[in-house]
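Single-structure report; data block below.
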Amino acid sequence: MATQQISELFEGFSKLAKQERLDRLVKMGALTADDVKYLNQTAGLPTDLAEKFIENVIGYFQLPLGIAANLCIDGKDYAVPMAVEETSIIAAVSKTAKWIKNHGEITTETIGSDSIGQIQLAKVKDFVAFEKAILMHKADFIQAANRDVAHGLVSRGGGITDLIIRKIPRADGFNMAVLHVQVNTCDAMGANIINQICEYLKEPIQILTGEKVTMCILSNLNDTKLTRAKVILRNVDPVLAEAIAESSLFAQYDPYRAATNNKGVLNGIDPILIATGNDWRAVEAGVHAYAARSGQYRSITEWTFDGKKLIGVFEAPIAVGIVGGVTKLHPTAILCLNMLGAVNANHLSRIVAAVGLVQNLGALTALSTVGIIQGHMKLHITNLTLGAGAQAHEVPYVQRKLEETLQLTKRVSLSHAIEVLDELRALNTATAKSAVL
Ligand code: MEV
């Protein structure tokens, strides 16, 4: 469907009823009639599906699934599914995406194609001899593992590409050796295949070198396969643009701020990973480790203002898959992957990175202007009202009072909501009594 039509179909999207939203998504081509039937079903998923994923199953934990609107990435419009419980994430990303769509662009790329498996030898007796032996037989090891374990990847254009030797001197005087097995896992996230390759190589390495392999496991710090997203925004109020660039510097210099900044970026990333059945813990670990690559934990995004354009960049490993594991077993994950139309794992990682960067811009814009309370808590008022136990007929009054409190004090909490509700109920009781008298 043409970009123009998709933009039009997102007009007023947040104000629509659920069924109308579904109808619009069908019109966009993001959902099929069967998808709508599936999303409208009231019965939960069968327990035996859950048994395929984990042990000791007792049921499901459901998360809300929503759509981030207005995202135009590399010139293509997307309806982005996000599974998340936090108020305002989807609203903020949709609003910020619209701003970018009207005044800028989002571009993405991937750099490198290999994931990393680690083979550790905790204490190597003779590192020089070990290194020499591995270097002499490196090509044989790669060939054998590609033939015996990674043949499926090889047939799809991937497989093991390199074997790199690292020496890590220990405080006790020994040298640790770590072999990095670099693997192109194609469209799979690749954790299982990487672990299998490393374990396959364990014995031949021990036999060849006479040294003891102590551990085999993939690394979540995939700095050999990075995803980069870039936002360019024009016509930004220079005061705002400067403030956003300043807030970005704060997160570059200060790890305390960097952690919160990066949590905000991951607010945009994790919900897509969850919706598409990807391992969000792996991506979180990779993003945080990459953020600390200089030796200090820093912001994973950077915003600069050149006097005309506000430019934002996100760069980190985003190890995702579109085949294997939950991506092909969980019906909602299948639906969400289809909705995105991700043609390969790199494509999905680029969408994910772009949404993380847009989410970050939304947060920095709010923080540099009105503050987070206004945008965040306003939407949170409904939750507070319901959390306080308000009945349907009491909701409008409590919400109005909380909005007034927010305006006046810039602060609302659950205890405010409970107070207002108690007042309302006391008032109603008094009115009822006086009516009887
Ligand atoms: C809240 O979930 C996320 C923010 O704290 C992110 C940030 O501070 O940049 C608003």
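Derivation of every value follows stated rules applied to the coordinates shown; laboratory data play no part. Please read these numbers as outputs of a predicted model, since none were measured by experiment. So basically every Cβ, Gly included, is an ideal-geometry build from the backbone, and we count neighbours across all protein chains shown.
Things to note:
- Normalised convex hull volume, segment 252-332, alpha-carbon set, Å³ per residue: 105
- Using the Karplus relation 6.51 cos²θ - 1.76 cosθ + 1.60 with θ = phi - 60°, the per-residue 3J(HN,Hα) values for segment 404-419 come to 5, 4, 4, 4, 6, 10, 6, 8, 9, 9, 4, 5, 4, 4, 5, 4 Hz, with x marking Gly and Pro.
- Percent of Cα pairs in segment 274-320 per distance bin of 10 Å, from zero to the largest separation: 24, 38, 28, 10, 0.
- Reported value for the chain: 205 Å³ per residue, from the convex hull of its C-alpha atoms.
- Fully extending the segment from I372 to E242, taken as 0.36 nm per residue of separation minus the present Cα-Cα distance, adds 45.0 nm.
- Cα-projected label distance for K328 with V128, points at 7 Å along beta-carbon direction, nm: 5.0
- Extension gain, L16-Y256: 0.36 nm per intervening residue step, less the Cα-Cα distance, totals 82.5 nm.
- Calculation over all alpha carbon pairs of segment 374-436 in 5 angstrom steps from 0 returns a P(r) of 4, 20, 29, 21, 12, 7, 4, 2, 0 percent.
- Its residue count N fixes a reference of 2.2 N^0.38 Å for segment 1-43, and the Cα radius of gyration divided by that reference is 1.19.
- Computed about the Cα centre, the dipole magnitude for segment 115-218 is approximately 200 debye when only Lys and Arg (+1) and Asp and Glu (-1) carry charge, each at its Cβ.
- Here the chain is assigned +1 on the Cβ of each Lys and Arg and -1 on the Cβ of each Asp and Glu. Its dipole about the Cα centre then comes out at about 360 debye.
- Net charge dipole size for segment 248-405 [Lys, Arg +1 and Asp, Glu -1 on Cβ; Debye, nearest 20]: 160
- On Cα atoms only, tilt of 89-103 relative to the major axis of the chain in degrees: 80
- Nearest-0.05 FRET efficiency for N338 and R156, computed from C-beta distance (R0 25 Å): 0.75
- The packing ranking, built from the mean of other Cβ atoms within 10 Å per residue, places the peptides 237-243, 408-414 in the order 237-243, 408-414, highest first.
- Extension gain, E404 to K52: 0.36 nm times the residue separation minus the Cα-Cα distance gives 121.7 nm.
- Listed values for segment 126-135 are Karplus-derived 3J(HN,Hα) couplings in whole Hz (6.51 cos²θ - 1.76 cosθ + 1.60, θ = phi - 60°), namely 9, 5, 4, 5, 4, 4, 4, 4, 5, 4, and x replaces Gly and Pro.
- Karplus-derived 3J(HN,Hα) values for segment 307-323, using 6.51 cos²θ - 1.76 cosθ + 1.60 with θ = phi - 60°, are x, 10, 10, 8, 10, x, 10, 10, 8, 5, x, 10, 7, 10, x, 10, 10 Hz; glycine and proline are entered as x.
- Förster radius 45 Å - calculated FRET efficiency between N428 and R293, Cβ distance, rounded to 0.05: 0.15
- Peptide ranges 318-330, 250-262 listed from the most packed, as the mean C-beta count within 10 angstrom indicates: 318-330, 250-262
- Each distinct pair of alpha carbons in segment 310-406 adds a 1/r term; the inverse of their mean, the Kirkwood radius, is 17.0 Å.
- Sites K167 and E203, calculated FRET efficiency, Cβ-Cβ separation with R0 25 Å, nearest 0.05: 0.70
- To the nearest ten degrees, helix 255-275 and the longest principal axis of the Cα atoms of the chain are 90 degrees apart.
- Which of M339, M176 has the fewest Cβ neighbours within 10 Å, and the rest in rising order: M176, M339
- Simple rule: put +1 on each Lys or Arg Cβ and -1 on each Asp or Glu Cβ in the chain, find the dipole, and look at S115, S349, Q359; the Cα lying farthest toward the positive end is Q359.
- Amide H contacts for T214 (H built 1.01 Å from N in the peptide plane; partners 5 or more residues away or on another chain; cut-off under 5 Å): Q120, L121, A122.
- Seen from all directions on average, segment 211-364 presents a Cα convex hull projection of 11.1 nm².
- Under 5 Å, built H, 5+ apart or other chain: amide partners of A69: S94
- If you wrap the tightest convex hull around every Cα atom of segment 1-107 and split its volume per residue, you get 135 Å³.
- Across segment 115-218, counting alpha-carbon atoms alone, Rg and Dmax equal 13.5, 45 Å.
- Rh (Kirkwood; distinct C-alpha pairs) - segment 53-97, Å: 12.4
- All lysines inside 26 Å of K202 as judged from Cα atoms, apart from same-chain residues fewer than 8 positions distant: K123, K125, K132, K138, K167, K212, K225
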